[in-house]
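Worksheet: one structure, shown below.
Rule-based calculations on the coordinates, nothing more; no lab input. Source: prediction; values computed, not measured. Cβ placement follows ideal geometry from the backbone for every residue including glycine, while neighbour counts extend to all protein chains displayed.
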C-alpha cells in the first residue's frame with residue numbers, strides 16, 4: 001500500500017486474470033546494536049539484517065515466482081528514535097527487499113502481462129448419463145464434500161461414472177491431495193482433470209459409480225425471484241450436505257463474467273456446491289459470499305449453463 005501497488009478501490013468482484021498478491025516469510029532476524037566512540041562522545045545506533053523470501057502469487061494463491069533476500073537496513077539512532085529504533089530498522093530492511101523484488105525482471109514481466117489471454121482449447125469430454133436428479137432428496141445424494149490439505153469445500157456429481165464439479169479456488173493449492181466425501185460417509189480420492197480459472201470452475205474425477213447425478217443445462221434455467229436451494233458443507237465437515245433456501249435476487253456481471261445473486265444462507269465451505277430448483281435442476285455453482293458487519297444475504301453463484309462450454313463438456 002505504501003508504494004501504491006495495491007488496488008485501493010472498493011471492488012466486490014476481483015479480476016481473476018488481473019489480480020496478484022505478494023507474500024513474504026522471514027527466516028532470519030538479526031538486530032545489531034552498534035556503538036561508535038569519538039573523542040568525547042559515544043553514538044549508538046541499530047541495524048537490522050533480515051533474511052526474507054518474497055513470493056508472487058496469482059488470484060488463487062498459486063505461487064508463480066519466489067526469491068530470497070538478505071536485506072540490511074540503514075543505521076537508526078537510538079538517541080533520536082528511542083523505543084521505535086529496532087522496529088524502524090526492521091521495516092527499512094523489509095522495504096529494501098520488497099523494492100528489490102518488485103523490480104526483479106520476472107516480477108515486472110508478470111505485472112506487465114496482458115490480462116485478456118485466450119485460454120487454450122480443451123478436448124471435449126463426454127459425460128455418461130445415468131439416473132438424473134429429479135427432486136431435493138436425489139439432490140442431497142448427488143452433493144459432496146471436497147476435502148483438501150487446508151480446509152474443505154463442496155461439489156456435485158455430473159455423471160454416473162464419477163465426474164464432479166467444484167470451484168477451482170477450493171482445490172487450487174491442493175491439486176495432488178483431494179478427497180471427496182459422499183453423503184453416506186464414503187471417502188474417495190479425486191483427481192483434478194481440468195480447470196477454468198476465469199470462471200473459477202474445476203472438473204474432478206473419482207473412481208466410483210453414482211446412483212444419481214445432475215444434468216448440466218445448456219441455457220439459462222432461472223428467473224428473478226425464483227425459489228432456490230443451496231447444498232453444501234458450511235464451516236465444518238460434520239455439517240456435510242446441509243440444505244438452505246432462498247431466492248434469486250439478481251443477475252450480476254463483472255468483466256464479462258456472469259453471476260447469480262442470492263439471499264440463501266452461504267458460509268465458508270459452501271463454495272463449489274450446487275444451487276438448485278425444487279425439481280433438483282442445477283441452476284448454478286455457489287462461488288462467494290460477502291461478509292462483514294451489517295452485511296446479510298449477499299451470496300453469488302456461477303450460472304450452470306456456463307459450465308459445459310467453460311470446461312469443454314458434452
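Sorting 190-202, 143-155 by average packing, meaning the other beta carbons within 10 Å per residue, from highest down gives 143-155, 190-202. Using a simple spin-label model with pseudo-atoms 7 Å out from Cα toward Cβ, residue 174 and residue 132 lie 3.2 nm apart.
Compared with the direct C-alpha span, the chain from residue 236 to residue 5 gains 79.6 nm at full extension, assuming 0.36 nm per residue. Label separation (residue 183 vs residue 91): 5.6 nm, computed from points 7 Å beyond Cα along the C-beta direction. Estimate the FRET efficiency between residue 220 and residue 70 by the formula 1/(1 + (r/R0)^6), using the beta-carbon distance for r and 51 Å for R0, to the nearest 0.05. Calculated transfer efficiency: 0.35.
Using 0.36 nm times the number of residues separating residue 312 and residue 79, minus their current alpha carbon distance, what extension gain do you get?
Taking 0.36 nm per residue and subtracting the Cα distance, the gain is 77.2 nm.
Take each peptide in 261-269, 176-184, count the other Cβ atoms within 10 Å of every residue, and average; sorted highest first, the result is 261-269, 176-184.
Computed over every Cα-Cα pair of segment 183-314 and binned at 5 Å starting from 0, the pair-distance distribution P(r) comes out as 2, 10, 19, 23, 22, 15, 7, 2, 0 percent. Of the peptides 97-109, 238-250, the order by per-residue mean of other Cβ atoms within 10 Å, starting with the highest, comes out as 238-250, 97-109. Seen against the Cα atoms of the chain and their longest principal axis, helix 85-102 is set at about 60 degrees.
Cα centroids of segment 86-149 and segment 199-239: 20 Å apart. Relative contact order for the chain: 14 percent, from Cα pairs under 8 Å spaced at least 6 residues apart, divided by residue count.
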